[in-house]
Amino acid sequence: MKLREAAAALNLKRPMKARKNGNANKLASEDRAFHDWYRFVLSFPPHLVRDYVKDFGLTKNSVVLDPFCGTGTTLIESKLLGLKTVGLEANSFAHFAASTKLDWDIDSDQLLAKSRDIAYTALELLRLQGLDDQHSLGKIPKKLRLRTLDADTEKLILSNSISPLPLHKTLVLLDCMKEMEKEKYYHHALLALGNALVYKISNLHFGPEVGVRNIKSDVSVVGNWLAEVEKIASDIKSISGKKYPQSQIYLGDSREIANFIAPHSIDAVITSPPYPNEKDYTRTTRLESVLLGFVNSKEELRALKKTLVRSNTRGVYKADDDDKWIDAYPEIQKIAGEIEERRIALEKNSGFERLYARVTKLYFGGMARHLADLRQLLRPGAQLAYVVGDQASYLRVMIRTGELLAKIAVALGYEHVRTDLFRTRLATATKEQLREEVVILRWNKKE
Ligand SMILES: C[S@@+](CC[C@H](N)C(=O)[O-])C[C@H]1O[C@@H](n2cnc3c(N)ncnc32)[C@H](O)[C@@H]1O
């Protein structure tokens, strides 16, 4: 009977805290459904997608592509509007998140019922170990040996990104979740744990870079997970009986996009690629990628990094040669030259600083490769929106990302229709307002 009572107690409504989190991410409350199952801090907002779907005059027959789909904002919003969608993403956890966020074809009652069963089991197991997940005092019973990660796995995550007790409880819960491993809704339950891990269970802080702050000795793991499962189940229930087009999302490198998507099949691209800003997307997603089994070794991490457009110096490799794609762009050569000159003048000699000029060239080269490969997928008249930000991350040398991408696109045969200002952001280093823009392109050719 006790377990039944625990079940009732666990039938949690969404806590207020989660809503606040949503606000911090600037996700309007009416846009919460599906999007906030798991999203990157500072992902572009769904209304931007709606604006360009309207501006491009897309209809239900249109196919929208996001070649850097991340956690799926473009794809979800387009699908909600009844459009067909295709996505590509190179980071395995973001790919999993987007694929799961777009899978609305599960039985939400079953997801909830099975998750509650699993929650009872996990709570009971923890209780037998002397742990109360809901009213924790943060004390570890003397005889309990906490479960830990093996030394190599531990090295993959940011140190202190999760405290020992929450980690132990997460590993216990994950074991219990194996019982639903074969069910279609297992992915949803796993993503719920991913989101709970990042925003509630871990010590991670996004400012917007990922770091560790306010170390919590303990926090409810099972309860927070179940609250996330409830959110997912309730969103799916809210659309029951409605029909939406299917989405296809590939795990892969957008610089080789023609390997994944059929020629002449795309009417519109709405996307936000990486910017040359030192952001490491594999670091942002590291804890959930490692704990939930998407990155299992240093080698796997390196292989994943190699599939990303080079946008930070931690992901640059000796054999990289995307820079040869921008040999003919004096503007980019000039920026790289300025960065290198400033580095030498300031005597910045660390291994990473020495790579600033190179990564800038590799970034634009990678984007050029992507835009070149993309051409064969586009239908004549296809319209494209690339959301990119100006950057000054490399020794304060200004990189006008949108302007340079537009130039590269024009040289590759695209029409540069216009550039819209989306928003400005204050650069902490230079105190200048950096423009975040939407570069609008059109593909007019037939081949
Ligand atoms: C600015 S984020 C996109 C965020 C997205 N709009 C969302 O809703 O979450 C850029 C994404 O591009 C991905 N990416 C970087 N290089 C890539 C590549 N070569 N191919 C595919 N995806 C890549 C990163 O992993 C990251 O998820």
Could you tell me the calculated FRET efficiency between Ser159 and Arg354, based on Cβ-Cβ distance and R0 = 35 angstrom, to the nearest 0.05? 0.85
Fluctuation leader among Arg314, Arg343, Arg127 - the chain, Gaussian network, Cα springs under 10 angstrom: Arg127
Which of the three applies to region 270-412, rounded, prolate or oblate, going by the alpha-carbon gyration tensor with a ≥ b ≥ c and a/c under 1.5 meaning rounded? oblate
How would Glu230, Glu415, Glu288 line up by accessible area, probe 1.4 Å, largest first? Glu415, Glu230, Glu288
Please name whichever of Asn91, Leu131, Ala119 sits farthest to the positive end of the charge dipole of region 68-146, dipole taken about the Cα centre and charges placed at Cβ: Lys and Arg +1, Asp and Glu -1. Leu131
How much accessible area per residue does region 95-210 have, in Å², with a 1.4 Å probe? 48
So between His135 and Thr148, what do we pick up on full extension, going 0.36 nm a residue minus the alpha carbon distance? 2.5 nm
For the chain, take the longest principal axis of its alpha carbons; what is the angle in degrees between that and the long axis of helix 356-374, to the nearest 10 within 0 to 90? 90
Give me the one-decimal nm value for the distance between modelled label points at His264 and Leu42, 7 Å along each residue's Cα-to-Cβ direction. 4.1
Helix 330-345 sits at what angle to the longest principal axis of the chain, using alpha carbons and giving 0 to 90 degrees rounded to 10? 70
How much accessible surface does Asp150 have with a 1.4 Å probe, in Å² rounded to 10? 90
Points 7 angstrom from Cα along the Cβ direction at Arg342 and Glu183: gap in nanometres? 5.4
Candidates per GluC sites (Glu not before Pro) in region 319-387, loop by DSSP, up to 13 other Cβ within 10 Å: Glu347
Computed over region 240-313, protein heavy atoms only, probe 1.4 angstrom, the accessible area per residue in square angstrom equals 42
Pull out a ≥ b ≥ c, the square roots of the eigenvalues of the alpha-carbon gyration tensor of region 141-253, then state rounded if a/c is under 1.5, prolate if not and a/b is larger than b/c, and oblate in the remaining case. prolate
Simple SL model, points at 7 angstrom along Cα→Cβ for Asp420 and Glu30; separation in nm is 1.8
On the accessible surface of the chain, probed at 1.4 Å, how many percent belong to carbon and sulfur atoms? 51
In degrees from 0 to 90, rounded to the nearest 10, what is the angle of the helix 92-101 Cα long axis to the longest principal axis of the chain? 70
Picking from Val397, Val198, Val53, which is most flexible by a Gaussian network model of the chain using Cα springs under 10 Å? Val397
Please tell me the relative contact order of the chain in percent, rounded to the nearest whole number, where contacts are Cα pairs under 8 Å and at least six residues apart. 17
From Cα pairs below 8 angstrom and at least 6 apart in sequence, can you work out the relative contact order of region 97-253, rounded to a whole percent? 36
Just how much of Val417 is accessible, in Å², when a 1.4 Å probe is used and the result is rounded to the nearest 10? 60
Gyration tensor (alpha-carbon) shape descriptor, region 173-329, a/c threshold 1.5: oblate
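The values are calculated or read from the model by the stated rules, or taken from the named source; none is laboratory data. These numbers were taken from a predicted model, which means no experiment stands behind them. Don't worry about glycine lacking a Cβ; one is built from the backbone with ideal geometry, like all the others, and counts go over all protein chains shown. These area figures cover heavy atoms from the full protein model, side chains too; ligands, DNA and RNA do not enter into them. Shrake-Rupley method; radii C 1.70, N 1.55, O 1.52, S 1.80 Å.
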